[in-house]
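The structure appears below as C-alpha coordinates.
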Amino acid sequence: MTGLALNCHINKKSLFDRKHYFYADLPAGYQITQQRVPIAVNGSLSYSLCIDNKMSQMVTKTVRIKQIQLEQDSGKSLRDDIRSQTLVDLNRAGVGLMELVMEPDMCCGEEAAAAVRELQLILQTLGSSQAVMAEGQLRVDANVSVHHAGEPYGVRTEVKNINSIRFLAKAVDYEIERQIEELGNGRTILNETRAFDSRLGCTVPMRDKEGKQDYRFMPEPNLPPLILYDAKSLPANMNYQQLINIDWIHERLPDLPTVKREKLVEQYGILPEHSFTLLNEDGLAEFFESVVKQTQMKPKKVIGWILNDLLSYLKQHSLTVKESPVSSFLLADLLNLLEKKEISSTAAKRVLAELWKGEGKTPLETVKEQKLEMLQDQKELEQICQAVIDGQENEVIMMVLGTFCTVAVCDTERRLK
(Lines give C-alpha, C1' and ligand atoms only; values in the text may rest on other atoms or scores of the structure.)
Protein backbone atom coordinates (compact mmCIF):
# COMPACT_ATOMS: atom_id res chain seq x y z
CA MET A 1 0.00 0.00 0.00
CA THR A 2 2.80 2.42 0.86
CA GLY A 3 4.52 1.86 -2.48
CA LEU A 4 1.28 2.45 -4.39
CA ALA A 5 0.48 5.57 -2.38
CA LEU A 6 3.96 6.93 -3.23
CA ASN A 7 3.54 6.26 -6.97
CA CYS A 8 6.14 3.49 -6.98
CA HIS A 9 6.59 0.69 -9.46
CA ILE A 10 5.81 -2.53 -7.57
CA ASN A 11 8.07 -5.45 -8.40
CA LYS A 12 5.98 -8.58 -8.74
CA LYS A 13 9.04 -10.58 -7.70
CA SER A 14 11.33 -9.18 -5.01
CA LEU A 15 14.30 -10.95 -3.45
CA PHE A 16 15.87 -11.09 0.01
CA ASP A 17 19.59 -10.83 0.70
CA ARG A 18 21.99 -11.10 3.61
CA LYS A 19 24.08 -8.07 4.47
CA HIS A 20 27.06 -9.12 6.59
CA TYR A 21 28.65 -6.78 9.10
CA PHE A 22 29.65 -6.94 12.74
CA TYR A 23 28.25 -4.47 15.23
CA ALA A 24 27.06 -4.83 18.81
CA ASP A 25 23.39 -4.22 17.94
CA LEU A 26 23.35 -7.03 15.34
CA PRO A 27 23.92 -10.31 17.23
CA ALA A 28 23.41 -12.54 14.17
CA GLY A 29 26.32 -10.94 12.33
CA TYR A 30 24.13 -10.27 9.28
CA GLN A 31 20.92 -8.44 8.38
CA ILE A 32 18.21 -9.70 6.06
CA THR A 33 17.41 -6.96 3.54
CA GLN A 34 16.51 -6.40 -0.14
CA GLN A 35 19.65 -5.17 -1.88
CA ARG A 36 19.16 -6.57 -5.41
CA VAL A 37 15.41 -6.39 -6.12
CA PRO A 38 13.39 -4.43 -3.52
CA ILE A 39 9.60 -4.57 -3.33
CA ALA A 40 9.04 -1.07 -4.78
CA VAL A 41 11.12 1.43 -6.78
CA ASN A 42 10.97 4.78 -8.60
CA GLY A 43 8.24 6.64 -6.72
CA SER A 44 7.62 10.24 -5.71
CA LEU A 45 6.35 12.19 -2.72
CA SER A 46 4.83 15.67 -3.05
CA TYR A 47 4.87 17.95 -0.04
CA SER A 48 4.14 21.61 0.72
CA LEU A 49 6.04 24.13 2.80
CA CYS A 50 5.55 27.75 3.78
CA ILE A 51 7.41 30.65 2.22
CA ASP A 52 8.99 32.87 4.90
CA ASN A 53 6.94 31.00 7.56
CA LYS A 54 3.69 32.39 6.11
CA MET A 55 0.92 29.79 6.00
CA SER A 56 -0.87 31.87 3.34
CA GLN A 57 2.10 31.46 0.99
CA MET A 58 2.86 27.82 0.27
CA VAL A 59 4.81 26.05 -2.45
CA THR A 60 4.56 22.38 -3.46
CA LYS A 61 7.72 20.37 -4.07
CA THR A 62 8.46 16.75 -4.98
CA VAL A 63 11.12 14.36 -3.79
CA ARG A 64 11.86 11.17 -5.72
CA ILE A 65 11.61 7.82 -3.95
CA LYS A 66 14.49 5.56 -4.97
CA GLN A 67 13.16 2.38 -3.40
CA ILE A 68 11.20 0.78 -0.59
CA GLN A 69 12.69 -2.37 0.89
CA LEU A 70 11.80 -4.86 3.60
CA GLU A 71 14.50 -5.77 6.11
CA GLN A 72 15.29 -6.69 9.70
CA ASP A 73 15.61 -4.10 12.43
CA SER A 74 18.74 -4.00 14.60
CA GLY A 75 19.05 -3.46 18.32
CA LYS A 76 19.10 -0.08 20.01
CA SER A 77 22.28 1.41 21.46
CA LEU A 78 21.78 3.29 24.73
CA ARG A 79 24.49 5.59 26.03
CA ASP A 80 25.01 5.64 29.82
CA ASP A 81 26.99 8.82 30.47
CA ILE A 82 27.10 8.24 34.23
CA ARG A 83 28.99 4.96 33.86
CA SER A 84 30.68 6.02 30.59
CA GLN A 85 29.44 2.95 28.77
CA THR A 86 27.08 1.98 25.97
CA LEU A 87 24.34 -0.59 26.50
CA VAL A 88 22.42 -2.48 23.83
CA ASP A 89 18.66 -3.17 23.89
CA LEU A 90 17.97 -6.17 21.64
CA ASN A 91 14.18 -6.29 22.08
CA ARG A 92 13.53 -5.02 18.56
CA ALA A 93 16.43 -6.86 16.88
CA GLY A 94 15.21 -9.09 14.06
CA VAL A 95 11.77 -7.43 13.85
CA GLY A 96 10.66 -6.65 10.29
CA LEU A 97 10.67 -3.05 9.11
CA MET A 98 10.12 -1.07 5.94
CA GLU A 99 12.92 1.24 4.80
CA LEU A 100 12.21 4.04 2.36
CA VAL A 101 15.11 5.63 0.49
CA MET A 102 14.71 9.15 -0.96
CA GLU A 103 16.85 10.75 -3.65
CA PRO A 104 18.90 13.89 -2.81
CA ASP A 105 16.22 16.38 -3.94
CA MET A 106 15.97 18.47 -0.75
CA CYS A 107 18.21 21.41 0.08
CA CYS A 108 17.49 22.36 3.71
CA GLY A 109 16.11 21.13 7.01
CA GLU A 110 12.73 22.72 6.42
CA GLU A 111 12.21 20.75 3.21
CA ALA A 112 13.33 17.50 4.82
CA ALA A 113 10.98 18.06 7.76
CA ALA A 114 8.03 18.88 5.49
CA ALA A 115 8.64 15.78 3.36
CA VAL A 116 8.88 13.47 6.38
CA ARG A 117 5.76 15.03 7.94
CA GLU A 118 3.81 14.34 4.72
CA LEU A 119 5.16 10.77 4.67
CA GLN A 120 4.11 10.38 8.30
CA LEU A 121 0.54 11.47 7.46
CA ILE A 122 0.42 9.03 4.53
CA LEU A 123 1.60 6.11 6.67
CA GLN A 124 -0.99 6.94 9.33
CA THR A 125 -3.75 7.28 6.72
CA LEU A 126 -2.88 3.91 5.18
CA GLY A 127 -2.48 2.19 8.53
CA SER A 128 1.01 1.06 7.49
CA SER A 129 2.31 2.44 10.78
CA GLN A 130 1.24 4.72 13.60
CA ALA A 131 4.51 6.47 12.77
CA VAL A 132 4.98 8.01 16.22
CA MET A 133 8.58 9.16 16.08
CA ALA A 134 8.93 9.56 19.86
CA GLU A 135 8.17 5.83 20.22
CA GLY A 136 10.59 4.73 17.51
CA GLN A 137 7.84 3.74 15.06
CA LEU A 138 9.33 6.09 12.48
CA ARG A 139 13.05 6.86 12.45
CA VAL A 140 14.98 9.06 10.05
CA ASP A 141 18.58 8.84 8.87
CA ALA A 142 19.64 12.05 7.07
CA ASN A 143 22.47 11.92 4.53
CA VAL A 144 23.92 15.40 4.04
CA SER A 145 26.49 16.71 1.57
CA VAL A 146 27.24 20.17 0.16
CA HIS A 147 28.51 21.22 -3.27
CA HIS A 148 28.55 24.18 -5.61
CA ALA A 149 25.82 24.37 -8.25
CA GLY A 150 26.70 22.29 -11.30
CA GLU A 151 29.38 20.31 -9.47
CA PRO A 152 29.18 16.68 -8.28
CA TYR A 153 27.84 15.94 -4.80
CA GLY A 154 30.39 16.26 -2.03
CA VAL A 155 31.36 13.67 0.58
CA ARG A 156 28.28 12.87 2.64
CA THR A 157 27.75 12.26 6.31
CA GLU A 158 24.88 10.24 7.75
CA VAL A 159 23.04 11.54 10.81
CA LYS A 160 21.43 8.46 12.37
CA ASN A 161 18.16 7.76 14.18
CA ILE A 162 16.61 11.23 14.38
CA ASN A 163 13.42 10.81 16.41
CA SER A 164 11.44 14.00 15.81
CA ILE A 165 10.60 16.20 12.85
CA ARG A 166 11.78 19.32 14.70
CA PHE A 167 15.15 17.71 15.44
CA LEU A 168 15.40 16.56 11.81
CA ALA A 169 15.18 20.15 10.56
CA LYS A 170 17.76 21.31 13.13
CA ALA A 171 20.14 18.41 12.45
CA VAL A 172 20.12 18.91 8.67
CA ASP A 173 20.58 22.69 8.89
CA TYR A 174 23.40 22.33 11.43
CA GLU A 175 25.17 19.70 9.34
CA ILE A 176 24.94 21.87 6.20
CA GLU A 177 26.47 24.83 8.03
CA ARG A 178 29.14 22.64 9.63
CA GLN A 179 30.26 21.19 6.29
CA ILE A 180 30.31 24.62 4.61
CA GLU A 181 32.44 25.97 7.46
CA GLU A 182 34.82 22.97 7.33
CA LEU A 183 35.36 23.36 3.58
CA GLY A 184 35.70 27.13 3.93
CA ASN A 185 38.53 26.62 6.41
CA GLY A 186 40.39 24.33 4.02
CA ARG A 187 39.51 21.09 5.79
CA THR A 188 37.90 17.99 4.30
CA ILE A 189 34.58 16.32 5.08
CA LEU A 190 34.85 12.80 6.51
CA ASN A 191 32.54 10.07 5.32
CA GLU A 192 31.20 9.26 8.77
CA THR A 193 28.13 8.47 10.83
CA ARG A 194 27.03 11.20 13.22
CA ALA A 195 24.29 11.62 15.83
CA PHE A 196 22.24 14.71 16.66
CA ASP A 197 22.59 15.95 20.24
CA SER A 198 19.29 17.73 20.93
CA ARG A 199 20.62 19.33 24.10
CA LEU A 200 23.57 20.97 22.36
CA GLY A 201 21.74 21.46 19.07
CA CYS A 202 24.59 19.95 17.04
CA THR A 203 25.73 16.72 15.42
CA VAL A 204 28.52 14.65 17.01
CA PRO A 205 30.69 11.87 15.49
CA MET A 206 29.69 8.25 16.11
CA ARG A 207 31.91 6.18 13.81
CA ASP A 208 33.78 6.74 10.54
CA LYS A 209 33.14 5.02 7.23
CA GLU A 210 36.61 5.52 5.77
CA GLY A 211 37.47 2.61 3.55
CA LYS A 212 34.52 1.07 1.76
CA GLN A 213 33.15 -1.81 3.80
CA ASP A 214 32.48 -5.08 2.03
CA TYR A 215 29.07 -6.24 3.25
CA ARG A 216 29.44 -9.54 1.36
CA PHE A 217 25.87 -9.50 0.07
CA MET A 218 24.49 -12.93 -0.75
CA PRO A 219 21.04 -14.32 -1.52
CA GLU A 220 19.10 -15.13 1.66
CA PRO A 221 18.90 -18.95 1.63
CA ASN A 222 16.01 -19.29 4.11
CA LEU A 223 13.49 -16.95 2.47
CA PRO A 224 11.93 -17.54 -0.96
CA PRO A 225 11.21 -14.66 -3.35
CA LEU A 226 8.18 -12.49 -2.49
CA ILE A 227 5.69 -12.98 -5.32
CA LEU A 228 2.89 -10.47 -6.00
CA TYR A 229 0.25 -10.45 -8.72
CA ASP A 230 -1.89 -8.03 -10.67
CA ALA A 231 -5.28 -8.66 -12.28
CA LYS A 232 -3.68 -9.99 -15.47
CA SER A 233 -1.20 -12.36 -13.83
CA LEU A 234 -3.50 -13.97 -11.23
CA PRO A 235 -3.17 -17.75 -11.62
CA ALA A 236 -6.28 -19.82 -12.18
CA ASN A 237 -7.56 -22.36 -9.66
CA MET A 238 -5.86 -20.58 -6.75
CA ASN A 239 -7.29 -19.35 -3.46
CA TYR A 240 -7.23 -15.56 -3.95
CA GLN A 241 -7.17 -15.04 -0.17
CA GLN A 242 -3.66 -16.51 -0.17
CA LEU A 243 -2.43 -14.19 -2.93
CA ILE A 244 -1.60 -10.48 -2.96
CA ASN A 245 -3.33 -8.66 -5.82
CA ILE A 246 -1.67 -5.28 -6.49
CA ASP A 247 -4.64 -3.93 -8.49
CA TRP A 248 -7.12 -4.95 -5.79
CA ILE A 249 -5.10 -3.04 -3.18
CA HIS A 250 -4.72 -0.01 -5.45
CA GLU A 251 -8.47 0.26 -5.97
CA ARG A 252 -9.04 0.31 -2.22
CA LEU A 253 -6.50 2.93 -1.22
CA PRO A 254 -8.07 5.51 1.12
CA ASP A 255 -8.03 9.24 0.40
CA LEU A 256 -4.48 10.47 0.93
CA PRO A 257 -3.71 13.74 2.77
CA THR A 258 -3.56 15.78 -0.46
CA VAL A 259 -7.05 14.65 -1.45
CA LYS A 260 -8.36 15.18 2.08
CA ARG A 261 -7.11 18.78 2.08
CA GLU A 262 -8.77 19.47 -1.27
CA LYS A 263 -12.07 18.04 -0.02
CA LEU A 264 -11.95 20.11 3.18
CA VAL A 265 -11.42 23.30 1.19
CA GLU A 266 -14.10 22.44 -1.37
CA GLN A 267 -16.73 21.16 1.06
CA TYR A 268 -16.39 23.70 3.85
CA GLY A 269 -14.99 26.74 2.07
CA ILE A 270 -12.03 27.07 4.44
CA LEU A 271 -8.63 28.43 3.42
CA PRO A 272 -6.05 25.95 2.04
CA GLU A 273 -3.61 26.78 4.85
CA HIS A 274 -6.32 25.86 7.39
CA SER A 275 -6.67 22.43 5.79
CA PHE A 276 -2.94 21.81 6.39
CA THR A 277 -3.29 22.67 10.08
CA LEU A 278 -6.33 20.41 10.45
CA LEU A 279 -4.48 17.41 9.02
CA ASN A 280 -1.14 18.10 10.69
CA GLU A 281 -2.72 17.76 14.14
CA ASP A 282 -3.76 14.15 14.72
CA GLY A 283 -7.55 13.90 14.99
CA LEU A 284 -8.20 17.63 14.49
CA ALA A 285 -9.85 17.27 11.06
CA GLU A 286 -12.30 14.69 12.44
CA PHE A 287 -12.98 16.96 15.44
CA PHE A 288 -13.69 19.90 13.11
CA GLU A 289 -16.08 17.90 10.92
CA SER A 290 -17.89 16.55 13.98
CA VAL A 291 -18.44 20.09 15.30
CA VAL A 292 -19.67 21.30 11.91
CA LYS A 293 -22.25 18.51 11.79
CA GLN A 294 -23.62 19.40 15.22
CA THR A 295 -23.72 23.18 15.01
CA GLN A 296 -25.67 25.77 13.04
CA MET A 297 -22.59 27.99 12.74
CA LYS A 298 -20.94 28.25 9.33
CA PRO A 299 -17.73 26.22 8.88
CA LYS A 300 -15.70 29.38 8.21
CA LYS A 301 -16.56 30.60 11.72
CA VAL A 302 -16.12 27.17 13.30
CA ILE A 303 -12.57 26.89 11.95
CA GLY A 304 -11.63 30.06 13.81
CA TRP A 305 -12.77 28.64 17.14
CA ILE A 306 -10.99 25.35 16.41
CA LEU A 307 -7.64 26.82 15.39
CA ASN A 308 -7.49 30.01 17.45
CA ASP A 309 -9.11 28.91 20.71
CA LEU A 310 -9.26 25.12 21.10
CA LEU A 311 -5.86 24.42 19.52
CA SER A 312 -4.16 27.11 21.59
CA TYR A 313 -5.58 25.53 24.76
CA LEU A 314 -4.31 22.11 23.70
CA LYS A 315 -0.81 23.38 22.88
CA GLN A 316 -0.67 25.38 26.10
CA HIS A 317 -1.36 22.25 28.15
CA SER A 318 0.57 19.84 25.86
CA LEU A 319 -2.52 17.76 25.11
CA THR A 320 -3.59 15.91 21.99
CA VAL A 321 -7.02 16.36 20.43
CA LYS A 322 -8.11 13.02 21.85
CA GLU A 323 -7.14 14.18 25.34
CA SER A 324 -9.14 17.41 25.10
CA PRO A 325 -11.60 17.88 28.00
CA VAL A 326 -13.81 19.84 25.59
CA SER A 327 -15.50 17.35 23.28
CA SER A 328 -16.83 18.18 19.82
CA PHE A 329 -20.36 17.94 21.27
CA LEU A 330 -19.63 20.54 23.98
CA LEU A 331 -17.96 22.94 21.56
CA ALA A 332 -20.83 22.58 19.08
CA ASP A 333 -23.33 23.22 21.91
CA LEU A 334 -21.42 26.38 22.86
CA LEU A 335 -21.26 27.62 19.27
CA ASN A 336 -25.00 27.04 18.87
CA LEU A 337 -25.64 29.37 21.82
CA LEU A 338 -23.42 31.98 20.18
CA GLU A 339 -25.03 31.55 16.77
CA LYS A 340 -28.52 31.97 18.26
CA LYS A 341 -27.29 35.19 19.90
CA GLU A 342 -28.08 33.84 23.35
CA ILE A 343 -24.56 34.80 24.48
CA SER A 344 -21.92 37.24 23.25
CA SER A 345 -18.56 36.28 21.79
CA THR A 346 -16.84 37.47 24.98
CA ALA A 347 -19.14 35.32 27.08
CA ALA A 348 -18.53 32.33 24.80
CA LYS A 349 -14.77 32.55 25.37
CA ARG A 350 -15.38 32.68 29.11
CA VAL A 351 -17.62 29.61 28.91
CA LEU A 352 -14.96 27.77 26.89
CA ALA A 353 -12.43 28.52 29.63
CA GLU A 354 -14.83 27.01 32.17
CA LEU A 355 -15.43 23.93 30.01
CA TRP A 356 -11.68 23.42 29.86
CA LYS A 357 -11.70 22.70 33.60
CA GLY A 358 -13.52 19.44 32.82
CA GLU A 359 -16.11 19.72 35.60
CA GLY A 360 -18.81 17.99 33.56
CA LYS A 361 -21.01 21.06 33.09
CA THR A 362 -22.74 21.87 29.82
CA PRO A 363 -22.27 25.29 28.17
CA LEU A 364 -25.86 26.24 29.01
CA GLU A 365 -25.39 25.36 32.68
CA THR A 366 -22.25 27.50 32.83
CA VAL A 367 -24.05 30.39 31.13
CA LYS A 368 -26.90 30.30 33.65
CA GLU A 369 -24.62 29.90 36.69
CA GLN A 370 -22.56 32.94 35.73
CA LYS A 371 -25.50 34.93 34.31
CA LEU A 372 -23.91 35.37 30.92
CA GLU A 373 -27.12 35.35 28.85
CA MET A 374 -27.48 38.08 26.26
CA LEU A 375 -29.90 40.79 27.44
CA GLN A 376 -32.89 40.94 25.10
CA ASP A 377 -35.55 42.55 27.29
CA GLN A 378 -36.12 46.18 26.21
CA LYS A 379 -37.25 47.39 29.63
CA GLU A 380 -34.24 45.82 31.38
CA LEU A 381 -31.90 47.49 28.89
CA GLU A 382 -33.61 50.85 29.49
CA GLN A 383 -33.21 50.42 33.25
CA ILE A 384 -29.47 49.71 32.85
CA CYS A 385 -29.01 52.73 30.60
CA GLN A 386 -30.95 54.96 33.02
CA ALA A 387 -28.82 53.72 35.93
CA VAL A 388 -25.66 54.58 34.01
CA ILE A 389 -27.00 58.07 33.21
CA ASP A 390 -28.03 58.69 36.81
CA GLY A 391 -24.63 57.65 38.08
CA GLN A 392 -22.65 59.66 35.52
CA GLU A 393 -24.27 63.11 35.53
CA ASN A 394 -21.07 65.02 34.69
CA GLU A 395 -20.33 62.78 31.73
CA VAL A 396 -23.90 63.22 30.46
CA ILE A 397 -23.50 67.02 30.60
CA MET A 398 -20.22 66.77 28.67
CA MET A 399 -21.89 64.65 25.99
CA VAL A 400 -24.72 67.16 25.70
CA LEU A 401 -22.09 69.88 25.26
CA GLY A 402 -20.52 67.89 22.41
CA THR A 403 -17.67 66.05 24.16
CA PHE A 404 -17.75 62.27 23.63
CA CYS A 405 -16.59 59.85 26.28
CA THR A 406 -16.58 56.13 27.00
CA VAL A 407 -18.50 54.56 29.86
CA ALA A 408 -17.69 51.01 30.95
CA VAL A 409 -20.52 48.91 32.30
CA CYS A 410 -18.46 46.21 33.96
CA ASP A 411 -21.24 44.11 35.38
CA THR A 412 -23.19 43.87 32.13
CA GLU A 413 -20.59 44.11 29.35
CA ARG A 414 -20.64 40.40 28.63
CA ARG A 415 -24.42 40.38 28.33
CA LEU A 416 -24.80 43.33 25.97
CA LYS A 417 -24.49 43.28 22.21
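Which value in deg cm²/dmol, rounded to the nearest 500, describes the helix-derived mean residue ellipticity at 222 nm for the chain, given -39,500 (n - 2.57) per DSSP H run of n ≥ 4 and division by the residue count?
It lands at -10000 deg cm²/dmol.
Among I246, T277, Q267, whose Cα sits farthest toward the positive end of the charge dipole of segment 235-307 (+1 at Cβ of Lys/Arg, -1 at Cβ of Asp/Glu, about the Cα centre)?
Q267
Angle between the Cα long axis of helix 345-355 and the longest principal axis of the chain, 0 to 90 degrees, nearest 10?
60 degrees
Set the Förster distance to 45 Å, then compute FRET efficiency between K298 and L87 from the Cβ-Cβ distance, nearest 0.05.
Numbers: r = 57 Å, r/R0 = 1.26.
Rounded to the nearest 0.05, the efficiency is 0.20.
What GluC sites (Glu not before Pro) does segment 51-123 have in DSSP loop regions with at most 14 other beta carbons within 10 Å?
Filter output for segment 51-123: empty list.
Take the cross-link list K300/K368; K76/K170; K263/K361 and give me the ones stretching past 31 Å between alpha-carbons.
Pairs exceeding 31 Å: K263/K361.
Might you report the magnitude of the Cβ-based charge dipole of segment 22-100 about its Cα centre, with Lys and Arg at +1 and Asp and Glu at -1, to the nearest 20 debye?
320 debye
Between T320 and K13, 0.36 nm times their residue separation minus their Cα-Cα distance comes to what? Could the numbers behind the result be given before it?
Working: separation 307, 0.36 × 307 = 110.52 nm, distance 4.17 nm.
Answer, rounded to one decimal: 106.3 nm.
Could you tell me the calculated FRET efficiency between S129 and Q370, based on Cβ-Cβ distance and R0 = 45 angstrom, to the nearest 0.05?
About 0.45, to the nearest 0.05.
If the elastic network links every pair of Cα atoms under 10 Å, which of V388, V265, V88 fluctuates the most in the Gaussian network model of the chain?
Among V388, V265, V88, the largest mean-square fluctuation in the Gaussian network model of the chain belongs to V388.
For segment 182-323, compute Rg over Rh where Rg is the Cα radius of gyration and Rh is the Kirkwood radius from the inverse mean 1/r over Cα pairs.
On the way: Rg = 25.7 Å, Rh = 21.6 Å.
Looking at segment 182-323, the ratio lands at 1.19.
Please give me the summed charge of the neighbours of K232: other residues whose Cβ is under 11 Å from its Cβ, Lys and Arg +1, Asp and Glu -1.
Values: positive: K12; negative: D230, D247.
Here the charged neighbours net out to -1.
Could you state the angle between the C-alpha long axis of helix 284-294 and the longest principal axis of the C-alpha atoms of the chain, as a value from 0 to 90 degrees rounded to the nearest 10?
So the inclination is approximately 40 degrees.
Nothing charged except the Cβ atoms of Lys and Arg (+1) and of Asp and Glu (-1): what's the magnitude of the dipole of the chain about its Cα centre? Round to the nearest 20 debye. Let's see the in-between values first.
Values: 50 positive and 58 negative charges, 208 e Å.
Computed charge dipole of the chain: roughly 1000 debye.
Give, rounded to the nearest 20 debye, the magnitude of the charge dipole that segment 89-181 has about its Cα centre when Lys and Arg contribute +1 at Cβ and Asp and Glu contribute -1 at Cβ.
So the magnitude is around 340 debye.
Looking at segment 65-206 only, what percent of DSSP beta bridges run antiparallel? Nearest 5 please. Kindly include the intermediate steps, with their values, before the conclusion.
Values: 20 of 23 bridges.
In segment 65-206, approximately 85 percent of DSSP beta bridges are antiparallel ones.
To the nearest 0.05, how large is the calculated FRET efficiency for D390 and E262 if R₀ is 56 Å and r is the Cβ-Cβ distance?
Efficiency for this residue pair is about 0.40.
For segment 1-80, what % of the accessible area comes from carbon and sulfur atoms, probe 1.4 Å?
Ligands and nucleic acids excluded, carbon and sulfur give 49 percent.
Once you've got the GNM for the chain with C-alpha springs shorter than 10 Å, pick whichever of R199, R36, R350 has the biggest mean-square fluctuation.
Greatest mean-square fluctuation among the candidates belongs to R199.
Which cross-chain or sequence-distant (5 or more) residues have an amide H under 5 Å from the amide H of M102, H modelled 1.01 Å from N in plane?
K66
For the chain, find the longest principal axis of its Cα atoms and tell me its angle to the long axis of helix 378-391, 0 to 90°, nearest 10.
80 degrees
Just list whichever of K66/K160; K301/K357; K61/K298; K61/K315 have alpha carbons separated by over 30 Å in the model shown.
Those over the limit are K61/K298.
Going 7 Å from the Cα of D247 toward and past its Cβ, which residues in segment 8-29 have a backbone nitrogen under 20 Å from where you end up?
8-14
May I ask which residue of P225, L372, L335 lies farthest towards the positive end of the charge dipole of the chain, with charges of +1 (Lys, Arg) and -1 (Asp, Glu) on Cβ and the Cα centre as origin?
About the Cα centre, the residue reaching furthest to the positive side is P225.
If you stretched the chain out fully between K61 and F217, how much longer would it get, using 0.36 nm times the residue separation minus the C-alpha to C-alpha distance?
Residue separation times 0.36 nm, minus the Cα-Cα distance, leaves 52.6 nm.
Taking springs between alpha-carbon atoms closer than 10 angstrom, which of M297, M102, M238 fluctuates most in the Gaussian network model of the chain?
Looking only at M297, M102, M238, the largest GNM fluctuation is found for M238.
The values are calculated or read from the model by the stated rules, or taken from the named source; none is laboratory data. These numbers come from a predicted model, not from an experiment. Methodologically, a virtual Cβ is constructed for each residue, glycine included, from the backbone with ideal geometry; neighbour enumeration extends over all protein chains shown. Only protein heavy atoms, including side chains, enter the accessible area calculation; ligands, DNA and RNA are left aside. Shrake-Rupley method; radii C 1.70, N 1.55, O 1.52, S 1.80 Å.
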